[in-house]
Amino acid sequence: RSADFRINYVNIPLTVLLRTNEIGYMRYFGRVGFDASFNTSSTFDYRDVDAVSEAVIESVEDDDASDFTSLFRFGLRIEGGFEYSIGGTTNLYFSAAYNNGLSNVFSDDYKRAKLDGAGQLLLSDDGTPQTDKVKAATNLFTITAGVYF
């Protein structure tokens, strides 16, 4: 069994920028803060394959996953970089940032069945399948380069 999720967010950074005075033609900066993100779309592909015959039992593509995913995402943002003055108010810009997801991107209702070592469902005493809450956080590393006037 496998499931691939595609979750898109609109990100709103809430940060503090710390920047040096110009040293030669360079100015260095650091930015730290939080990112608040809002889920704009969620889709998933699911595939269940028989372990013995490897035949596809069930396959779903590009199905809506909004019931499984959280509407909000929060993350810690740390960024560092520099600006290089090329004349007047024109600067070259370079930065590297890391964003550590702090919240679960899946909703509390999303659970997966527990399996034993042979891939068989584990059942509770009452005969219902045992489940685990699915947890995942998104982390990302970005590099940005550009020119601003």
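For segment 80-149, the relative contact order works out to 42 percent when only alpha carbon pairs closer than 8 Å and six or more residues apart are counted. For segment 78-90, the Karplus equation 6.51 cos²θ - 1.76 cosθ + 1.60, evaluated at θ = phi - 60°, returns couplings of 10, 9, x, x, 8, 10, 10, 6, 10, x, x, 9, 8 Hz by residue, with Gly and Pro reported as x. Ranking G146, P129, A3 by how far each Cα lies toward the positive end of the dipole of the chain (charges on Cβ) leaves G146 at the top. Ordering F74, S107, Y28 by the projection of their Cα atoms onto the charge dipole of the chain, which places +1 on the Cβ of Lys and Arg and -1 on the Cβ of Asp and Glu, puts Y28 at the extreme positive end.
For segment 1-142, the share of accessible area belonging to carbon and sulfur comes to 54 percent (1.4 Å probe, ligands and nucleic acids excluded). Take each peptide in 86-93, 104-111, count the other Cβ atoms within 10 Å of every residue, and average; sorted highest first, the result is 104-111, 86-93. If you sort D126, D116, D64 by accessible surface, 1.4 Å probe, largest first, the order is D126, D64, D116. When the Gaussian network model of the chain links Cα atoms closer than 10 Å, the mean-square fluctuations of S53, S37, S70 top out at S53.
Given (i) 54; (ii) 35; (iii) 50, which label gives percent of Cα pairs over 24 Å apart as computed from the coordinates? Checking each listed value against the structure points to (i). Please report the accessible area of T40 (heavy atoms, 1.4 Å probe, ligands and nucleic acids excluded) in Å², nearest 10. Estimated to the nearest 10 Å², T40 gives 90 Å². In this rough spin-label picture, where each label sits 7 Å from Cα along the Cβ direction, the S103-F34 distance is 0.9 nm. Rolling a 1.4 Å probe over the protein heavy atoms gives the chain an accessible area of 67 Å² per residue.
Placing +1 on the Cβ of every Lys and Arg and -1 on the Cβ of every Asp and Glu, with nothing else charged, gives the chain a dipole about its Cα centre of roughly 1060 debye. When you restrict to C-alpha pairs under 8 Å that are six or more residues apart and normalise by the size of segment 1-141, the relative contact order lands at 20 percent. In the assembled protein chains, F72 presents an accessible area of approximately 90 Å² (probe radius 1.4 Å).
The values are calculated or read from the model by the stated rules, or taken from the named source; none is laboratory data. These numbers were taken from a predicted model, which means no experiment stands behind them. Counting neighbours? That spans all protein chains shown, and the Cβs are built from the backbone with ideal geometry, glycine included. The protein model used for the area step is the full one, side chains on, heavy atoms only, and it has no ligands, DNA or RNA in it. Shrake-Rupley method; radii C 1.70, N 1.55, O 1.52, S 1.80 Å.
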